[in-house]
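Student: Mind having a look at this structure? Questions to follow.
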Amino acid sequence: MSKYQVGDRVTVRDAPTMFHTRTQAFTRGRTGVVVEHRPEWVIPEDEAWGRDNGRTERFYVVRFNQRDLWADYTGSDSDTLESEFSERWLMPAKEETK
Amino acid sequence: MSSHTNFDVLQKRVRALAPEEHTVLDSPPTISNDFFDALRHVVHDVGGQPDGPMAYKEKEEEDWEARTYVTCECLAWRGVWSAEERRRAENDLGETLYFGLPYYARWIMVAAKTLINKGIITPDELSAKLEEVRQRLEVKS
Amino acid sequence: MSRTHDHAPIQESEEISEFEVLETAIRELSISHGLFSAEDHRRFTEWAESIGPAGGSRLVAKAWVDPEFKERLLADGTEACKEVGIDWNNPTGEGTPSDYTFFYVLENTPKVHNVIVCTLCSCYPRPVLGHSPAWYRTPNYRRRMVRRPREVLAEFGLYLPPDVEVRVHDSNQKSRFMVMPMRPEGTEGWSEEQLAAIVTRDTMIGVAVPKVDWTASSAPSEALSSPSRGH
């Protein structure tokens, strides 16, 4: 069962991170919209350390407004960025503190 | 060159003449939490870091690079490691090696390290092999 | 072509490099330890030498002339690739270790321009585009494309109006992406081959759009996207 549905607003968690991650620093604490589901994949937190048959999790495509990612964004208001996150990295959207 | 380009070239040189003071890092007795945060930043996570325009060049792949790609993929194909382990091992190299090495040099470095790390080959085995290959290739050229 | 980009190739080194020594050593030790076979290496090399942007160009050209194929391509990229002879399971039978088998085509529209980057490494859809260009792998491109996409695109000579949404895809997981550029005007009646010829690698990364040579009196008959010409 997917925790988040297409259209849900989600915020990327900022969990302490050491050594390796595939959840980019520039997305931490940022809020976007789920636009697509991806398959259940082995999470990088397991794969990167040799647990090839590690924990699988639903992944999500999240779309952000660039203006919400970068305070100094020089492009257009309509510009966006999409990236993918496993379920553990997302939480329901909360008010952003910039 | 246009006067704009001359201006840029000159200004770059002038700016590079300005003195810089670097803090030498030699395993300091203590560091701040902020500095620790910076040191701990996952190396490959570069999105959004400040950087300026750069001429984006094409580069023909050298033979060793093409072979490196295949060797690393074959190691993953046959289950020695996964691509994600390789990427994590590249981060483990740390900033100096990560940004000092060319792209495929990172790949072959971590392949070598991983084989030793997993107890598949010994360091002296690698050492002997490197010596043997060096001699063989130099004899050829 | 962009004024700010010098596309002269980087000079190759003449001496035997330590990297070549190291690669040879690792490959030979791997084979002697039975980690993989020489035949594995040969087979994978054959596949690595067979890939290039021509595959992607064929996908786009076919989608341009066949709306039902286009729907299939957008619905399931991996499966639709088989219709142009590209099997994402090659050469291992389960896909390549670095490219996986989850391929998505991003359709450019008058309202949305897509561009791809991998900030964390340089994930790239090798089965359809071949090996990534050197610049795509640079920390510089990875740093800037997510934050200053219009500036980087401008350096490639691509300017988009502010009402067009520039959508950057940071491929940070197992998905692999390719951009389907819009079919330009002036290509009415062109064959799939002629159309594929103007779909260059850079148009499928999203840093360029297909160009029609307005001075030509007839459609191009030669492929422009051969590897030797780059881009």
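Student: Could you list, bin by bin from short to long, the percent of Cα-Cα pairs of chain C in 5 Å steps?
Tutor: For chain C, the binned pair fractions read 1, 6, 12, 16, 18, 17, 13, 8, 5, 3, 1, 0, 0 percent.
Student: Counting partner chain Cβ atoms within 10 Å of every residue's Cβ in C:158-166, what's the average?
Tutor: 3
Student: Can you give me the angle between helix B:63-77 and the longest principal axis of chain B, using Cα atoms only, in degrees from 0 to 90, rounded to the nearest 10?
Tutor: Roughly 60 degrees, rounded to the nearest 10.
Student: According to a simple spin-label model (label point 7 Å from Cα along Cα-to-Cβ), what is the distance in nm between C:Glu39 and C:Val65?
Tutor: 4.0 nm
Student: What per residue convex hull volume, in Å³, do the alpha-carbon atoms of segment B:1-107 yield?
Tutor: Considering the Cα atoms of segment B:1-107, their hull volume per residue is 187 Å³.
Student: Give me Rg/Rg_expected for segment C:30-124, where Rg uses Cα atoms only and Rg_expected = 2.2 N^0.38 Å with N residues.
Tutor: With N residues counted in segment C:30-124, Rg over 2.2 N^0.38 Å equals 1.31.
Student: So, R0 is 25 Å and r is the distance between the beta-carbons of C:Ala154 and C:Val212; what FRET efficiency does that work out to, to 0.05?
Tutor: 0.70
Student: If the reach is capped at under 21 angstrom between alpha carbons, list the lysines near B:Lys113, excluding any in the same chain fewer than eight residues apart.
Tutor: Cα-Cα hits under 21 Å: B:Lys129.
Student: Sticking with this one: Quick one: which of C:Lys82/C:Lys211; B:Lys57/C:Lys174; A:Lys3/A:Lys94; C:Lys70/C:Lys111; C:Lys174/C:Lys211 span more than 22 angstrom between C-alpha atoms?
Tutor: C:Lys82/C:Lys211; B:Lys57/C:Lys174; C:Lys174/C:Lys211, as the Cα separations exceed 22 Å there.
Student: Do any cysteines of the protein assembly as shown lack a neighbour Cys whose Cβ is under 4.7 Å away, and which are they?
Tutor: Lone cysteines by the Cβ rule: B:Cys72, B:Cys74, C:Cys81, C:Cys121.
Student: Kirkwood hydrodynamic radius of segment A:53-98 from all distinct Cα pairs, in Å?
Tutor: 12.6 Å
Student: Please work out the FRET efficiency for the pair B:Arg40 and C:Glu28, using the Cβ-Cβ distance as r and a Förster radius of 45 Å; give the result to the nearest 0.05.
Tutor: My answer for the efficiency is 0.75.
Student: Provide Rg and Dmax in Å for segment C:135-187, with only Cα atoms included in the calculation.
Tutor: Cα only, segment C:135-187: 13.0, 38 Å (Rg, Dmax).
Student: How much length is gained if the chain between C:Asp163 and C:Thr109 is pulled fully straight, taking 0.36 nm per residue apart and subtracting their Cα-Cα distance, in nm to one decimal?
Tutor: The span from C:Asp163 to C:Thr109 would gain 18.2 nm if fully extended.
Student: Principal axes first, then extents: for the Cα atoms of segment B:45-133, list largest minus smallest coordinate on each axis, whole Å, largest first.
Tutor: Taking max minus min along each principal axis of the Cα atoms, segment B:45-133 gives 44, 26, 25 Å.
Student: Taking the Cα of C:Glu46, stepping 7 Å toward and past its beta carbon, and measuring to each backbone N in segment C:84-127: which are under 14 Å?
Tutor: So the set is C:90-93.
Student: Fewest to most neighbouring Cβ within 10 Å: what's the order for B:Val9, C:Val166, C:Val84?
Tutor: Listing B:Val9, C:Val166, C:Val84 from fewest to most nearby Cβ atoms yields B:Val9, C:Val84, C:Val166.
Student: Return the Cα extents of segment A:9-92 along principal axes one, two and three, sorted largest first, each rounded to a whole Å.
Tutor: Principal-axis extents of the Cα atoms in segment A:9-92, largest first: 42, 26, 20 Å.
Student: Three principal axis extents, largest first, for the C-alpha atoms of the protein assembly as shown, in Å?
Tutor: 65, 63, 53
Student: Enter the mean number of other protein chain beta carbons within 10 Å of the beta carbon of each residue in A:45-51, as an integer.
Tutor: Taking all residues of A:45-51 together, the mean is 5.
Values quoted throughout were computed directly from the atomic coordinates according to the rules given, and no laboratory measurement underlies them. Bear in mind that the values here come from a model prediction, so they are computed numbers and not experimental data. Here the Cβ is made from the backbone with ideal geometry for all residues, glycine too, and neighbour counts use every protein chain on show.
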